[in-house]
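The values are calculated or read from the model by the stated rules, or taken from the named source; none is laboratory data. Owing to the predicted nature of the structure, the values given are computational and were not obtained by experimental measurement. Counting neighbours? That spans all protein chains shown, and the Cβs are built from the backbone with ideal geometry, glycine included.
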C-alpha cells in the first residue's frame, strides 16, 4: 500500500459501490448535451451534427502523477484537460466525459471524492458534463484513472494531423514549456514558495489547461493541421509532419521570448529543453496557410496564434522536425521506453 | 512481476509506442461508421440519429481475470462483450470502441497483441470498429484493460431501467448462470476436459456473448425497462426495480429448466445460486407490458424472451427482488466489499 494513502478515515473497502457513487455524483453537474444522465447501463449524449468525436487518456499513480506532488483534485483536473485538449485539437466542442477509477481497497474514500471534485470543477470550466464511468478494484497500491471524452464538431470538418502543406506557418496558441519547467522544479525540490514565478510553473504542471475556443476558431479560420502539445513540441510537431509527409522547421527567433520568460525561474538550457520537448502543456499547435489572419502579428483578432515555424519539404537526410534547419536533441516522452 | 508474464520473447519495454501500435492496429478493421480512424488526436464516429450512447467498463488482472484461466484474446473478447451488452441493454447498435491498455513494462508484447486480436475479432462479431484508445505504463505486475463503447439508437428511444410498471412481465433473452457456473467449475479445478457440458460452461465464463439484435428488437417491441445481466439476476433486476419504484417477483417455475440444465454439470444448489446471483452473463433482461408478443410462449417471433417474473407493487417489508414472494439469499458482486 502506498504511504501516501495511509492515514485515518474510511477506505473504499468500507463503502458499497452505490454509497461511493452517491458521494461522487453530486460533483457532476448535468448540462444540456446530456439526454440520459449517469445511472443507467449507458449514457446518451447529444450529437447534433451527426457525428461524435471521441478520445481517451489514462493516468496511473507513480507513472503519471505522484501523491507527494498532486492533490487528488489536481489529478482529476489534469485528466479532464488532457482529454478535452484532444477534442480541441480536432476543432470540436466537448459534450460528455466518462470517468473510470480503478483503485486498491485501501484508497481513502476522501481521495476518490476529491478526485471527483477536481474532475467536476474542471469539466465545468470546459462546459462539459460527466455522463458515465466505471469503478473497479485494483491490486495493492494501484490507482488508475481514465477519461473518455466525447465532442461535437458543430458542422465543421475535423482538423487532422495530415493536412499540413509546404508553405504553411506553424503557430502555437498558449504557452510552451511551462508544464515541463514546473516538473523540473518539482524534481529539484523547488517552486514550492507560493506567489513566485516558479510556483506558477509548478501550478501549470499540476493543473495545465487548454483552450477549446481557440481550437474551434482555428478550425473555422482554416487551420490545415492541429494537435495539442502533450508529449512535447518536437515530438508532436513531428507527428503532424509525418502524417502530412512534410518537415516542420522551427525557428529559434519565434521561441526566444518564450524561453526568456521561463529563464527567469529556471536555467536557460533547461528552458530551451522544456520549450522544445516538455510535455503535458496542452496548448494547441496548428498549421495555417501563409498569410492567415489568425497568425498575422498585426491583426488583433479574438484568437492569438504565435508563429514558431514553417512547413517545408521533407528531407531524407533530416528528421521530421528541425530547429533553424538542424536536428533537435531529445524527442519527448515514451510510455514504456527505459 | 506476475509469474504468468515470465518467459521469453520481447516485452513492452523493448518496443516504442509506435512499434507496439503498428502491431496492434492490423487487428482493428474499420467499418463504415468510422469517419476519422485511429491515429489522430481523436476519432470521429457517425452518430446518424443525432445522439450517441456511451458506456465504459474496465478489467484488472487478478480482480477480473486470472492469467491461469484466461488467454489474452479471451480477456479482450470478454471486455468487448461487457461493453457492447450495456449498449444492447439500451436498445442501441454499437458504432465504435476505444480500447485502453495500462500495463507493466515486462508484459510480453505477445500478450498485448493477442489481447488486441481478441478485441478485434469480438468487435467484428458485433460489427463495431475499434476507433481509438490509449497505451499507458503501470506498476510491476499490473495489467488493466478498459473499453468505452459508443452506440447509435437509430431513432428509437433508449430503454431505461426506470420504465418497469406494475403488471409488466420480466423476461430474459439468452442464458442465466452459465458464466457463474463456469467460474465455479474453474474454482473447483473442473471443467477442463474439452467437449463436456462443464467445459462449455467454462467457455461461457471466459468468453460470454451478448445479443445486440435482441436488445434492438426488444426496444422496438415496447420493452419498458432493460439491462444486461452483469452482476447477477437478483442484483440487476433489483436495479430495475429500484429505478422504477416497483418490486420484481421472480418465479421458480420459470427458472426450473434453466437450473436443471446447469445441474447436469454442477450441484443443484450451486445451479440455483448461479442462476440467481451469477454475474458476467451478459444476457438481457427486460420488462414488457402484459401480453407482449415477444414473451408470449405461443408466438414464434424472431426474438425469444422467456418470462421469469412479474413486476408488482413495492413493499417496505420486502427487498426489491423476491423469489415466489420471499427474499433471496445473496445479492451478487461488489467491487470493493471484502
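Results, tabulated for the structure shown:
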| quantity | calculated |
| --- | --- |
| Only one of B:275, B:270 that is in contact with a helix residue (DSSP H, G or I) (Cβ under 6 Å, 6 or more places away or on another chain), crowded, with 21+ Cβ neighbours inside 10 Å, touching a residue at least 24 places away in the same chain (Cβ under 8 Å) and not in a loop (DSSP other than H, G, I, E, B) | B:275 |
| Residue list for the stretch A:204-223, filter: over 14 Å from the mean Cα position of the chain (by Cα), surrounded by fewer than 24 Cβ atoms within 10 Å (Cβ to Cβ) and either over 21 Å from residue A:94 (Cα atoms) or within 13 Å of chain B (Cβ to nearest Cβ) (or both) | A:219 |
| Selection within the stretch A:149-160 - buried (at least 23 other Cβ atoms within 10 Å of the Cβ) and either in a strand (DSSP E or B) or in contact with a helix residue (DSSP H, G or I) (Cβ under 6 Å, 6 or more places away or on another chain) (or both) | A:149, A:150, A:151, A:152, A:159 |
| The stretch A:13-22: number of residues that are in contact (Cβ under 8 Å) with a residue 60 or more places away in the chain and either away from chain B (no Cβ under 14 Å) or exposed (fewer than 15 other Cβ atoms within 10 Å of the Cβ) (or both) | 0 |
| Unique residue being in contact (Cβ under 8 Å) with a residue 12 or more places away in the chain, touching a strand residue (DSSP E or B) at 6+ places or on another chain (Cβ under 7 Å) and over 26 Å from residue B:154 (Cβ atoms) when the list is B:234, B:212 | B:234 |
| Residues (closer than 15 Å to residue A:38 by Cβ and surrounded by 24 or more Cβ atoms within 10 Å (Cβ to Cβ)) located in the stretch A:130-148 | A:130, A:131, A:132, A:133, A:147, A:148 |
| The lone exception for residue B:77 - which of (1) modelled with pLDDT under 95; (2) surrounded by 17 or more Cβ atoms within 10 Å (Cβ to Cβ) it fails | (1) |
| Residue count, the stretch B:59-74 (criterion: under 17 Å from the mean Cα position of the chain (by Cα), within 11 Å of chain A (Cβ to nearest Cβ) and not in a strand (DSSP E or B)) | 2 |
| Test for residue A:64: is it crowded, with 16+ Cβ neighbours inside 10 Å, in the same structural domain as residue A:109 (by TED's automatic domain parsing) and touching a strand residue (DSSP E or B) at 6+ places or on another chain (Cβ under 9 Å) | yes |
| Boolean, residue B:176 is away from chain A (no Cβ under 14 Å), surrounded by 21 or more Cβ atoms within 10 Å (Cβ to Cβ) and under 20 Å from residue B:77 (Cα atoms) | yes |
| Subset of the stretch B:115-140 that is assigned to a loop (DSSP other than H, G, I, E, B), more than 15 Å from the chain's Cα centre (by Cα) and more than 7 Å from every other protein chain (Cβ to nearest Cβ) - its residue that is nearest to residue B:50 (Cα to Cα) | B:128 |
| The stretch A:186-219: number of residues that are closer than 28 Å to residue A:171 by Cα and in contact with a helix residue (DSSP H, G or I) (Cβ under 6 Å, 6 or more places away or on another chain) | 12 |
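Conditions (1) farther than 18 Å from residue A:154 by Cα; (2) touching a helix residue (DSSP H, G or I) at 6+ places or on another chain (Cβ under 7 Å); (3) within 14 Å of chain B (Cβ to nearest Cβ), marked per residue:
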site: A:11; (1), (2), (3): yes, yes, yes
site: A:43; (1), (2), (3): yes, no, yes
site: A:49; (1), (2), (3): no, no, yes
site: A:54; (1), (2), (3): no, no, yes
site: A:57; (1), (2), (3): yes, yes, yes
site: A:76; (1), (2), (3): yes, yes, no
site: A:82; (1), (2), (3): yes, no, yes
site: A:85; (1), (2), (3): no, no, yes
site: A:88; (1), (2), (3): no, yes, yes
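Conditions (1) within 23 Å of residue B:46 (Cβ to Cβ); (2) in contact (Cβ under 8 Å) with a residue 60 or more places away in the chain; (3) in contact with a strand residue (DSSP E or B) (Cβ under 7 Å, 6 or more places away or on another chain), marked per residue:
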residue: B:145; (1), (2), (3): no, yes, yes
residue: B:153; (1), (2), (3): yes, yes, yes
residue: B:160; (1), (2), (3): no, yes, yes
residue: B:167; (1), (2), (3): no, yes, yes
residue: B:171; (1), (2), (3): no, yes, yes
residue: B:178; (1), (2), (3): no, yes, no
residue: B:183; (1), (2), (3): no, yes, no
